[in-house]
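Report on the following structure.
What follows is calculated from the coordinates using simple rules that are stated; it is not laboratory data. Predicted, not measured: the structure shown is a model, and the values here were computed from it.
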Amino acid sequence: METAEVVIIGTGFAGASTAYHLVGRGVRDVLLLEREPVPGVHASGRNAALAFQVLSDAAEARLAVEGARFIATPPPGFAAVPLLQRTGSLLIAETGGLPQLQRAHEDAQRLGLAGELLGAEEVVRRVPALAGAPFAGAFWNPHDGVVDIHALLQGYLAGARAGGVRIAYERVVTGVRLAGG
């Protein structure tokens, strides 16, 4: 029976990034289990690949900003290609949603992001396809973008392996026995 100090189930983003960061903190006996023949088969390999940093929950927004910073400037050798293409995002709202846009702008400023509140005319000037749509304004965040999710996942896995993580694919785990506390 194979043992490890830490066993992580799943080689998607949650498992791969956890393994990567554990070895970065000095944990060496880590086993990463995956029931599929390759990583990223399910949600991690099929997500929208969007990096949004201004969220309604302040704690989640701080995590999103830190994650985007990591993706925008990963450690040397983490990925062979740029991971984040900054395309920006546009959060639009009807009149009743304008106070929420103002809060989004204030949250962005607190997080160190330079966003911009836009009136409907300016939004239509920038995105003509929105002409005639029922909205009153928008919040523009130029820091958001699209992530190369496959390169990001491979970077986490390669870094984890380099730190000593063992990865076992196509294993059926019928029982897990936890030792210690």
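Results, tabulated for the structure shown:
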| quantity | calculated |
| --- | --- |
| Normalised convex hull volume, the chain, alpha-carbon set, Å³ per residue | 165 Å³ |
| Added length on full extension, which subtracts the Cα-Cα distance from 0.36 nm per residue, residue 86 to residue 110 | 6.6 nm |
| Residue-wise HN-Hα coupling along region 112-125, computed from phi with Karplus coefficients 6.51, -1.76, 1.60 (Hz; x: Gly, Pro) | x, 9, 8, x, 8, 7, 10, x, 4, 4, 5, 4, 5, 4 |
| Over the chain, relative contact order from alpha-carbon pairs under 8 Å, at least 6 apart, % | 34 percent |
| 10 Å binning of all Cα-Cα separations within region 1-106, expressed as whole percents from 0 upward | 11, 32, 33, 16, 7, 1, 0 |
| Cut-off under 5 Å, modelled amide H: who pairs with residue 9 long-range | 33 |
| Principal-axis tilt of helix 149-162 within the chain, Cα atoms, nearest 10 degrees | 30 degrees |
| Potential lengthening between residue 5 and residue 47 on full extension [0.36 nm per residue; Cα-Cα distance subtracted] | 12.1 nm |
| Relative contact order (percent, whole number), region 30-103, Cα cutoff 8 Å, 6+ residue spacing | 16 percent |
| For residue 137, residues with placed amide H under 5 Å, excluding near neighbours | 93 |
